[in-house]
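Below you'll find the structure, written out as structure tokens, and then a few comments.
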């Protein structure tokens, strides 16, 4: 996997991650519908309803992942990915 230079710099910082600032769907190569935005690694909620071609048996509720980190931070949610239709 190729890591952008700015991401590698963040990983050098204490508590940093090589995925800092990474766009989830780009990293794992999931196609996103036109006009939609993929979640970013630091977000507590990953809304993957924007992914194109997910099988129907994955209900919309299973396409939204809530990070266990959000429970340790008071349960606050950050901006979700967005799609305007």
## Note on the structure
Per-residue Cβ contact counts at 10 Å, fewest first, order 25, 36 as 36, 25
#### Entry: Rg/Rh for the stretch 14-61, where both radii come from Cα atoms and Rh is the Kirkwood radius
1.02
### Query
Once label points are set 7 Å from the Cα along Cα→Cβ at both residue 18 and residue 62, what is their separation, rounded to one decimal in nm?
3.0 nm
### Task
Sort 38, 17, 61, 67 so the one with the fewest other Cβ atoms within 10 Å of its own Cβ comes first.
61, 17, 67, 38
### Summary
If 48, 30 are placed from fewest to most neighbouring beta carbons inside 10 Å, the sequence is 30, 48
### Query
Could you give the length gained on full extension between residue 52 and residue 37, defined as 0.36 nm per residue of separation minus the Cα-Cα distance, in nm?
4.2 nm
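FYI, it's all coordinate maths here, none of it is from the lab. Because the structure is a prediction, the values reported are computed rather than measured. As a convention, Cβ positions derive from the backbone with ideal geometry for all residues, glycine included, and neighbour counts pool all protein chains shown.
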